[in-house]
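> Please read through the structure below; I'll follow up with questions.
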Amino acid sequence: MDVADIRKNVKILEGGIPYTVDDLEFTKPGKGRAIYRVKLRNLIDGSVIDKTYHSGEKVDEAQTTYRQEQYLYKDGDHYVFMNTETFEQLFVTEAQIGNKKDFLKEGTLVDMLMFEDSPIDITLPNFIDFEILESEVAIKAQTISPQLKSATIETGAVIAVPTFINVGDIIKVDTRTGTYVERINKK
């Protein structure tokens, strides 16, 4: 792939390691070849590097695939997923999942990014329903802005919810931002 074909979110190989392009800056100096300054995020460990390419250079595209997997359970520091087609089980480390573990509920279907038959990342559904397990007692105050309180969902994550949410309520959470969307039903 020519360096001019690189776009944001394209997956490339750098030194045999898969990276995704987080940011791209193109500069054309008065003399010489164009310069591409690229911010690359390592798909295996999440580290970020800055790399500079010149026009005409070639880069290797990372051959990645997505597979649908179902989250089964947590086993020590590993998360166990099952391929929905072959029923093969796959163990993924907490480091590979990162903060997404806060919204990983048993039975959830995820898209798993694979590189050379190894899992490197998961994509959660945009919205997941959770039950409220614990909630602060809300103090009613007369304000113009909406009042929020902390609540613990069934995965153990703590999110901000409106004061009318109670223990046992089912709420919808945006997994991309970790924010409350709406109440599904009351207890």
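The values are calculated or read from the model by the stated rules, or taken from the named source; none is laboratory data. What you are looking at is a predicted structure, and each value in this text was computed from that prediction instead of being measured. Ideal geometry is used to build each Cβ from the backbone, glycine not excepted, and the neighbour counts take in all protein chains shown.
> Could you pull out the residue among THR108, THR93, THR86 that is β-branched (Val, Ile, Thr) and more than 15 Å from the chain's Cα centre (by Cα)?
THR86
> Considering (1) touching a strand residue (DSSP E or B) at 6+ places or on another chain (Cβ under 7 Å); (2) not in a loop (DSSP other than H, G, I, E, B), say which one ALA4 fails and leave the rest.
Result: ALA4 passes all but (1).
> With (1) more than 30 Å from ALA157 (Cβ to Cβ); (2) in contact (Cβ under 8 Å) with a residue 40 or more places away in the chain; (3) out of contact with any helix residue (DSSP H, G or I) (no Cβ under 9 Å at 6 or more places or on another chain) as the list, and HIS54 as the residue in question, which single condition is left unmet?
(3)
> Turning to a different aspect of this structure: Among the candidates GLU116, GLU85, GLU57, single out the residue that is under 30 Å from PRO29 (Cα atoms) and of a type in the set (Asp, Glu).
Result of the check over GLU116, GLU85, GLU57: GLU57.
> Can you tell me which residue within the range 1-25, out of those that are among the hydrophobic types (A, V, I, L, M, F, W, C) and more than 20 Å from the chain's Cα centre (by Cα), is farthest from GLU57 (Cα to Cα)?
LEU24
> Criterion first (under 24 Å from LYS11 (Cβ atoms) and outside the structural domain of ASN42 (by TED's automatic domain parsing)) does LEU148 satisfy it?
no
> Any chance you could count how many residues in the range 70-105 are of a type in the set (Phe, Trp, Tyr) and in a loop (DSSP other than H, G, I, E, B)?
Result for the range 70-105: 1.
> Assess whether LEU113 counts as being surrounded by 12 or more Cβ atoms within 10 Å (Cβ to Cβ), over 30 Å from VAL158 (Cβ atoms) and either in the same structural domain as VAL158 (by TED's automatic domain parsing) or of a type in the set (A, V, I, L, M, F, W, C) (or both).
On the way: surrounded by 12 or more Cβ atoms within 10 Å (Cβ to Cβ): yes; over 30 Å from VAL158 (Cβ atoms): no; either in the same structural domain as VAL158 (by TED's automatic domain parsing) or of a type in the set (A, V, I, L, M, F, W, C) (or both): yes.
It is false that LEU113 is surrounded by 12 or more Cβ atoms within 10 Å (Cβ to Cβ), over 30 Å from VAL158 (Cβ atoms) and either in the same structural domain as VAL158 (by TED's automatic domain parsing) or of a type in the set (A, V, I, L, M, F, W, C) (or both).
> Also, quick follow-up: Would you call VAL38 modelled with pLDDT of 90 or more, touching a Leu at 6+ places or on another chain (Cβ under 7 Å) and either surrounded by 15 or more Cβ atoms within 10 Å (Cβ to Cβ) or within 30 Å of PRO125 (Cα to Cα) (or both)? Full working, then the answer.
On the way: modelled with pLDDT of 90 or more: yes; touching a Leu at 6+ places or on another chain (Cβ under 7 Å): yes; either surrounded by 15 or more Cβ atoms within 10 Å (Cβ to Cβ) or within 30 Å of PRO125 (Cα to Cα) (or both): yes.
Yes, satisfied.
> For the range 83-100, how many residues meet the condition of being surrounded by 15 or more Cβ atoms within 10 Å (Cβ to Cβ) and not polar (S, T, N, Q)?
Residues in the range 83-100 being surrounded by 15 or more Cβ atoms within 10 Å (Cβ to Cβ) and not polar (S, T, N, Q): 4 in total.
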